[in-house]
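All remarks here apply to the structure that follows.
The values are calculated or read from the model by the stated rules, or taken from the named source; none is laboratory data. Bear in mind that the values here come from a model prediction, so they are computed numbers and not experimental data. All Cβ positions, even for glycine, are placed from backbone atoms using ideal geometry, and neighbour counts span all protein chains on display.
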Amino acid sequence: MLSASRAKAKQGTDIVIGIVGTHGRKEREALVAGPERLPSREVHYRDMILREFDLDAALARKPGPILIDDLAHSNIAGSRHTKRWQDVEELLSAGIGVYSTINVQHLESLNDVVGGITGIRVWETVPDHVFDTAEEVVLVDLPSEELLQRLKEGKIYLPEQVERAIQIFFRKGNLIALRELARRRTTDRVDSRMLKYRRDRSVSPM
């Protein structure tokens with residue numbers, strides 16, 4: 001998503017970064033350099049200052065389009081919307097295009113399946129209609145060995161978080177199963193859209 005945004009910015013597209021979690025990773029910090037980046041909204045929470053996506057600033061700026069990372073993110077209490085995907089829906093209603101990201105384990109319909117595979121309940125979920133009504137879905141499909149290598153190199157989590165992540169969630173068997181889930185869910189989306197296209201145009205199946 002970030003690489004594509006840099007390319008579009010160079011082509012003259014008015015693309016803006018709304019919120020991207022770099023978590024101090026140099027590789028990702030380098031990718032956010034270039035396109036305009038909206039300032040985050042500072043929120044005081046439990047003696048901490050947290051940074052959240054500034055929905056009102058994005059609506060006022062009205063870029064075309066905006067990048068918003070981590071669709072399943074839960075907003076801080078007191079925000080206009082409970083979930084970030086609801087922020088995205090408001091932006092879309094205002095005519096602002098959005099690029100976003102989601103991990104397969106956060107899709108609502110797959111929540112029980114993912115819990116059965118990993119033994120871990122994922123509490124942040126996104127309704128399937130958000131995924132199914134997206135104009136385009138790009139599946140980022142990495143072999144489990146490559147993803148584990150990226151984890152170990154600190155390209156996904158900070159070094160102090162890596163070992164725990166591998167032991168608890170990102171075990172090789174889990175990654176293989178999640179990868180297959182992602183592929184099947186994406187295929188199902190393509191199939192359903194094709195059927196709708198045929199129905200709308202009265203095209204008979206081969």
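Considering (1) modelled with pLDDT of 95 or more; (2) part of a strand (DSSP E or B), the lone condition that ILE96 does not fulfil carries the number (2). Scanning segment 109-142 for residues that are within 28 Å of GLU90 (Cα to Cα), in a loop (DSSP other than H, G, I, E, B) and not charged (D, E, K, R) yields VAL122, TRP123, THR125, PRO127, THR133, ALA134, VAL137, VAL138, LEU139, VAL140. Only strands (runs of 3 or more DSSP E) whose full extent lies in segment 18-80 are considered here, and the ones with at least 1 residues that are under 19 Å from GLU124 (Cβ atoms) and in contact with a Gly (Cβ under 9 Å, 6 or more places away or on another chain) are 41-45, 66-68. Just to be sure, is ARG164 at pLDDT below 90, within 24 Å of SER100 (Cβ to Cβ) and in a helix (DSSP H, G or I)? No, not satisfied.
Can you confirm whether VAL43 is over 22 Å from GLU135 (Cα atoms), surrounded by 14 or more Cβ atoms within 10 Å (Cβ to Cβ), in contact with a strand residue (DSSP E or B) (Cβ under 7 Å, 6 or more places away or on another chain) and of a type in the set (A, V, I, L, M)? Yes. Scan segment 60-75 for residues that are over 20 Å from the mean Cα position of the chain (by Cα) and touching a residue at least 12 places away in the same chain (Cβ under 8 Å) and the total you get is 2. Taking segment 94-142 only, how many residues are exposed (fewer than 12 other Cβ atoms within 10 Å of the Cβ) and touching a helix residue (DSSP H, G or I) at 6+ places or on another chain (Cβ under 8 Å)? The number of residues fulfilling the criteria is 3.
Out of VAL138, VAL162, one residue alone is aliphatic (A, V, I, L, M) and either in contact with a Lys or Arg (Cβ under 8 Å, 6 or more places away or on another chain) or farther than 30 Å from LYS26 by Cβ (or both). It is VAL162.
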